[in-house]
Amino acid sequence: MSDDLLVKIRGLKIEGRSDDKWNEIVHGIDLDLHRGEVMGLIGESGAGKSTIGLAAMGFTRDGCRISEGTVEFDGIDLRKASASTRRDLLGKRIAYVAQSAAASFNPAHRIIDQHTEAPMIHKVMPVSESQQDAKDLYERLRLPDPENIGFRYPHQVSGGQLQRAMTAMAMSCRPDLIIFDEPTTALDVTTQIEVLAAIRDIVEQFNTAAIYITHDLAVVAQMADTIKVLLKGDEVEAADTRTMLSDPKEDYTKSLWAVRSFAPPPKPAIIASETPVISVKNISASYGIVPVLFDVSFDIHKGRTVAVVGESGSGKSTAARCITGLLPPSKGEILSNGIPLPGNYRKRNRDQLRQAQMIYQMADTALNPKVRISEIIGRPVQFYTGLTGTARRKRVEALLEQIELDPAEYYNRLPPELSGGQKQRIGIARALAAEPAFIICDEVTSALDQLVAEGILRLLDRLQRELDLAYMFITHDLATVRSIADEVVVMKSGKVVESGPKDEMFRPPHHPYTDLLLSSVPEMDPDWLTNLLHERGVENLGDAAAASM
Amino acid sequence: MSGFGADLFRLVLKRLGFGLLTLIVVSLIIFGAVELLPGDFAEEILGQGATPEAVAVIREELGLDQPVVTRYFSWLGGALTGDFGISFGNQRSVAEQLGPRFANTLFLALVAACISVPLAVGVGILAALYRNSIFDRLANITTLTSISSPEFFVAYILILFLAVMNPIFPSLSNVSSGLDFGTRLERTMLPALTLTLVVTAHMMRMTRAAIINLLASPYIEMARLKGVSPARVIVRHALPNALAPIINVIALNLAYLITGVVVVEVVFVYPGVGQLFVDSVKIRDIPIVQACCLIFAATYILLNLTADVLSILSNPRLRHPK
Amino acid sequence: MIFLYIILIFAAAAGFAWLFRAGLVAVLPRNAAMLFGSMPLTASFGLLMVLLYVFMAIFAPVIAPFGEAEVFDKFNALPGDDPRFLLGTDQIGRDLLTRLIYGGRNTIGIAFVTTCLAFFLGAFMGFLAATVGGWLDQLLSRGVDALMAIPQLIFALLLITIVGQSTLNMILVIAVLDSTRVFRLARAVAVNIVVMDYIEAAQLRGERLPYLIFREILPNAAAPLVAEFGLRFCFVFLLIASLSFLGLGIQPPLADWGTMVRDLSQFINFAAFAPLTASLPLMAAGAIALLTVSVNFVVDWMLHRSSGLKE
């Protein structure tokens, strides 16, 4: 086995520069990668996975440096090698696929010219041959019009296509190793499938070794032979994929796996005669002259959660903007407890504004970084309930306790001094301060690491039961929908495609789009992608490409 | 790809139209500002000894009895054909006084631009490539100092060292029409150098910032990760994208020259538009002030317009529409 | 020889800057000491100089040997002619050292007042445009675009021609013209803040415009605006000096540096035999340059800090 060892990293320590000091961010990592092996590096943000991936290429970003350890590629010590030796390896034997293809393609050159650059400068093959090869690769990767697509400029091609073109570019010299740095994170689920299948297929065909970096467990389960779990620059655990999924050893790994098992007890059925807290009736809306919502209707009842799902651009956030009054609908109306609300929030009275609150996706931008927690929560308390002085302080402290933060410690803090999850909790407390009946949760967990997201979901569920709150839960993550929704509304291109109770929605038959959406969400089962492709009648992507031409 | 160029053409046309609009608005401001003057031209000309009869005569002579709109269009129409009216100060035609001076100012600005543009862009790129090196820090301190100095300080320092202590160039720029190119260049050198020092500093700092910004792009990292040599990264991957920002920087700073020219011409008694402008402001010779303002503003607008159009043309995203 | 002097001056400046920084660290409480301890020598030098200038401006009547407009019977005295007048006297017999000190006080003071005016006007309008948006934003922004299409010095000269030459007129003209630059920045900063979700949250809560501007936007815009204040001050200071140099700025009998440079400029030709006399115009001009450089050094450091050490 030892001769086909491709990458050998021992005791790798990396430092990053901040506040004019070097701080260690990777604390001694060992890594062995064999020829043809795909290793998944998984961890939350700040785990150091991208840094390690780049270090395996002998590369560090500006402001980082390798302080200790060895990085060997096929017996060559990359730390000791000269810059020109390293350059000879990069692109030719080691290639890189970046997270954002749109930013990583040079806007000034055609895609195919960037593709042929590495083979040309490394003298692997002449440009004409490399161009032909590029077209072959585009075809294998199921890009539309493989003969001509390469002659376009990057901004003329969609994100999912660019990501595949970049994978093709990484393949241009048939490298021994490719580093995939979150290649599908920026994509929608339905697009992600195509890119994942393409990557897996091509890596298998050429027997290329790969390091696949991601924060998504289900994705890594499809792609990797072995998985290494990282936490804050340390290795937690490493094993082959099936072992890791079925029998994790460390508590941290187990907790990562457990996230998707959160299932609150079901709630009683809706009382049919009850007036919904919010009722959206046939609303249409447009930005300027561009129509974005078409005849959307749904109801949200007291104490229940309606999940609105769809990909980016489906209109789910626009629907929320209509409800809050930021975007007055052009047609239809919104009823609050049966009474119509003015379309524009400026025309609503204080009590109407109080009734509907909002929790945002990015806790960073949702809290004013220069305002203390006491004021962030205290202001709506005072504004809506008129409490001042000690009464106001007591109320803010009670709210902090409700969201499980110690008032003594957090009362006077500023948002930048909090972690992402804590900020999101403050956002929840600010919404609760208004004592609302209804809260819109706009992708509240999607910017958070999974463990933290789990905590937020549990908190929201508890608060709902305690306070009888109605939630509109906007998300693109179907796992979240499964765990917390009572009713589901599926949206596409500004229209409601399908809606109903959760149990019905997750049971066939589905609307074709719902079906596509549901089936595209990666599952933890390592055979999921294979099975899915099989079900969709695609055994091998190369064949599919031929068939679809 | 079928609509190649059509969008681009429309974009450029739109920008040109906008430039024209700006020019019209600026001419309105320049004309309108003078209208706000308490009293009017006629009283200004006659000063203390204005009798109502004399005022009336002059008003009629200058057409001041016409409505504002008529006067604006006749002024603008005159300006477009090079007729800026008669100077209050010496009763000579404004165009006649401005003409030769405009050529002199243009010559001065051209000499300054020829030295400063290559220098600034070159040093700026080097400073960006070797950022945080001694060279970069030195360039940073030097340029910051020269930006912070008033033009006349730079001018007198140059006079002190290059005219008084080492008589290389004359300290007064006695330029007239009969001079041969060499002598003219020699006499223009000190004001041109002064302008160069000030403008180069600005231009170099902006070039450096633009290049550093560019080098941080993911596609530059991608090129390095493909094993592309540093020289090729610069030439093939950075420069095509750097063109637009650099063109912008150059045009912006050439526009800046216009302001600098006024003070520098006064220091060196250089017979250009700037000096005439300042003298006319002192004696409130309004037709000349208006004409100078219009010329300076139009040049400034045209330079900015050129920058915009060139950077539209050099942007690959706009050159190759979807 | 000259290079030796230059190196000596640099070394002295660096030395003073280092001592000043060390002194600050020793004197100030811990947090502030950390902050100032990390500043580069250029910033330390800049800060020291700015403090010296401010001190000189405030205590001019105490420092200056004579009154600002005091006239003596000895005019056009060269340095060294009379022990009473260290730097000599001008053409109507005023002590040049006194004029230099008062000139600093006037030039700095007037520039400061002008910048403050420009700032209040520009920042307020900018925030208003960004927060209210719609037609008000369009109106203000397009108006500012039009004003900015004319180079500032040129426009200032035009307006001064119209309103007449006086110190007050100059202050108002420059304040209005410079407020357009402040408007642009304040609006740009505020526009980036206004799209933040916390502003939307406050709007949806039903908060009124003053609360939005003063409680939500202003605290976040403060850092870039303070840095901009430094830059704007430099710009205004230079513009006023230039106008005064052209004879169109600060008017007599007020002493100011720009006018002094122009009045003394002929002395530069004496460089060969009377170096001190020749350096008189350069002293005033150099004093202007030194203050601007110093402010710029400090601003540079502040900007670098607030940009999060990205470079």
*Which of the residues that make up segment C:251-268 are assigned to a helix (DSSP H, G or I) and buried (at least 16 other Cβ atoms within 10 Å of the Cβ)?*
C:257, C:258, C:259, C:260, C:261, C:262, C:263, C:264, C:265, C:267, C:268
*Can you name the condition, by its number, that residue C:154 falls short on among (1) within 14 Å of another protein chain (Cβ to nearest Cβ); (2) farther than 27 Å from residue A:323 by Cβ; (3) surrounded by fewer than 21 Cβ atoms within 10 Å (Cβ to Cβ); (4) not acidic (Asp, Glu)?*
(3)
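Inside segment A:68-110, can you point out the residues that are among the hydrophobic types (A, V, I, L, M, F, W, C) and over 31 Å from the mean Cα position of the chain (by Cα)?
Scanning segment A:68-110 gives A:73, A:76, A:78, A:81, A:83, A:89.
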*From the list A:377, A:373, A:359, which residue is farther than 21 Å from residue A:470 by Cα, modelled with pLDDT of 90 or more, buried (at least 22 other Cβ atoms within 10 Å of the Cβ) and within 14 Å of another protein chain (Cβ to nearest Cβ)?*
A:373
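Could you pull out the residue among A:142, A:164, A:93, A:152 that is in contact (Cβ under 8 Å) with a residue 40 or more places away in the chain, crowded, with 18+ Cβ neighbours inside 10 Å and more than 10 Å from chain B (Cβ to nearest Cβ)?
Working: A:164 fails: in contact (Cβ under 8 Å) with a residue 40 or more places away in the chain; A:93 fails: more than 10 Å from chain B (Cβ to nearest Cβ); A:152 fails: more than 10 Å from chain B (Cβ to nearest Cβ).
The match here is A:142.
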*Which of the residues that make up segment B:283-308 are at pLDDT 85 or above and aliphatic (A, V, I, L, M)?*
B:288, B:289, B:291, B:294, B:295, B:297, B:298, B:301, B:302, B:303, B:305
*What residue, of A:489, A:481, is buried (at least 21 other Cβ atoms within 10 Å of the Cβ) and at pLDDT below 90?*
A:481
*List pairs: first in segment A:98-125 and hydroxyl-bearing (Ser, Thr, Tyr), second assigned to a loop (DSSP other than H, G, I, E, B), Cβ under 6 Å, 6+ apart or cross-chain?*
A:100/A:186; A:104/A:98
_Go through segment B:243-257 and report how many residues are without any contact (Cβ under 8 Å) to a residue 60 or more places away in the chain and either surrounded by fewer than 20 Cβ atoms within 10 Å (Cβ to Cβ) or within 11 Å of another protein chain (Cβ to nearest Cβ) (or both)._
3
*May I ask you to list pairs of residues, at least six apart or on different chains, whose Cβ atoms are under 6 Å apart, with the first in segment C:53-68 being within 22 Å of residue C:89 (Cα to Cα) and the second being aromatic (Phe, Trp, Tyr) and outside any loop (DSSP other than H, G, I, E, B)?*
C:60/C:102; C:68/C:102
*When the residues of segment A:72-90 are filtered to those that are assigned to a loop (DSSP other than H, G, I, E, B) and within 14 Å of chain B (Cβ to nearest Cβ), which remaining residue is surrounded by the fewest Cβ atoms within 10 Å (Cβ to Cβ)?*
A:82
*residue A:173 is checked against (1) of a type outside the set (Val, Ile, Thr); (2) touching a Pro at 6+ places or on another chain (Cβ under 6 Å); (3) over 30 Å from residue A:128 (Cβ atoms) and fails just one. What number does that condition carry?*
(3)
_Hits in segment B:159-175 - residues which are more than 9 Å from chain C (Cβ to nearest Cβ), crowded, with 17+ Cβ neighbours inside 10 Å and touching a residue at least 40 places away in the same chain (Cβ under 8 Å)_ = B:173, B:175
*Going by the structure shown, is residue B:137 more than 8 Å from every other protein chain (Cβ to nearest Cβ) and basic (Lys, Arg)?*
yes
*asked:* Exactly one condition in (1) in a loop (DSSP other than H, G, I, E, B); (2) over 17 Å from residue A:97 (Cα atoms) is false for residue A:175; which is it?
replied: (2)
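Looking at segment C:65-165, what helices (runs of 4 or more DSSP H) fall wholly within it and have at least 2 residues that are among the β-branched types (Val, Ile, Thr) and farther than 30 Å from residue B:24 by Cβ? I'd like the intermediate steps shown before the answer.
Working: elements: C:96-132, C:134-148, C:152-163.
The qualifying helices (runs of 4 or more DSSP H) are C:96-132.
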*Give the residue that is nearest to residue A:348 (Cα to Cα), with candidates limited to residues of segment C:167-209 that are among the polar types (S, T, N, Q) and within 14 Å of chain A (Cβ to nearest Cβ).*
C:203
*Is it the case that residue C:149 is within 12 Å of another protein chain (Cβ to nearest Cβ) and surrounded by fewer than 19 Cβ atoms within 10 Å (Cβ to Cβ)?*
no
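Please state which one of C:201, C:255, C:222 is at pLDDT 90 or above and not acidic (Asp, Glu).
Numbers: C:255 fails: at pLDDT 90 or above; C:222 fails: at pLDDT 90 or above.
The conditions single out C:201.
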_Of all residues being surrounded by 19 or more Cβ atoms within 10 Å (Cβ to Cβ) and in a helix (DSSP H, G or I) in segment A:103-120, which is farthest from the other protein chains (Cβ to nearest Cβ)? Just the residue, please._
A:112
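Table: residues versus (1) in a strand (DSSP E or B); (2) surrounded by fewer than 14 Cβ atoms within 10 Å (Cβ to Cβ); (3) not hydrophobic (A, V, I, L, M, F, W, C).
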| site | (1), (2), (3) |
| --- | --- |
| A:229 | yes, no, no |
| A:253 | no, no, yes |
| A:266 | no, yes, yes |
| A:269 | no, yes, no |
| A:273 | no, yes, yes |
| A:283 | yes, no, no |
| A:293 | yes, no, no |
| A:303 | no, no, yes |
| A:307 | yes, no, no |
*Given the conditions (1) touching a residue at least 12 places away in the same chain (Cβ under 8 Å); (2) over 21 Å from residue B:121 (Cβ atoms); (3) within 14 Å of chain A (Cβ to nearest Cβ), report the number of the one that residue B:237 does not fulfil.*
(2)
*Among B:76, B:98, B:108, which is the only one that is within 30 Å of residue B:280 (Cβ to Cβ), in contact with a Pro (Cβ under 9 Å, 6 or more places away or on another chain) and not in a loop (DSSP other than H, G, I, E, B)?*
B:108
*Answer yes or no as to whether residue A:210 is in contact (Cβ under 8 Å) with a residue 60 or more places away in the chain and not in a helix (DSSP H, G or I).*
yes
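Results for (1) surrounded by 18 or more Cβ atoms within 10 Å (Cβ to Cβ); (2) away from every other protein chain (no Cβ under 14 Å), shown as yes or no for each residue.
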{"residue": "B:85", "(1), (2)": "yes, yes"}
{"residue": "B:100", "(1), (2)": "no, yes"}
{"residue": "B:110", "(1), (2)": "no, yes"}
{"residue": "B:118", "(1), (2)": "no, yes"}
{"residue": "B:124", "(1), (2)": "yes, yes"}
{"residue": "B:143", "(1), (2)": "yes, no"}
{"residue": "B:153", "(1), (2)": "yes, no"}
{"residue": "B:157", "(1), (2)": "yes, no"}
{"residue": "B:179", "(1), (2)": "no, yes"}
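With C:231, C:291, C:276, C:248 as the choices, which residue is within 9 Å of chain B (Cβ to nearest Cβ), in contact (Cβ under 8 Å) with a residue 24 or more places away in the chain, not in a loop (DSSP other than H, G, I, E, B) and not acidic (Asp, Glu)? Please lay out each step first, then the result.
On the way: C:231 fails: within 9 Å of chain B (Cβ to nearest Cβ); C:276 fails: within 9 Å of chain B (Cβ to nearest Cβ); C:248 fails: not in a loop (DSSP other than H, G, I, E, B).
On inspection, the qualifying residue turns out to be C:291.
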*Within segment C:18-39, track down each residue that is at pLDDT below 85 and in contact with a helix residue (DSSP H, G or I) (Cβ under 6 Å, 6 or more places away or on another chain).*
C:24, C:25, C:33, C:36, C:37, C:39
*Inspect all residues belonging to segment C:264-286 and state whether any of them is under 17 Å from the mean Cα position of the chain (by Cα) and more than 28 Å from residue C:164 (Cα to Cα).*
yes
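The values are calculated or read from the model by the stated rules, or taken from the named source; none is laboratory data. Computed from a predicted structure; not experimentally measured. When we count neighbours, we look across all protein chains shown, and the Cβ atoms used for this are built from the backbone with ideal geometry, even at glycine.
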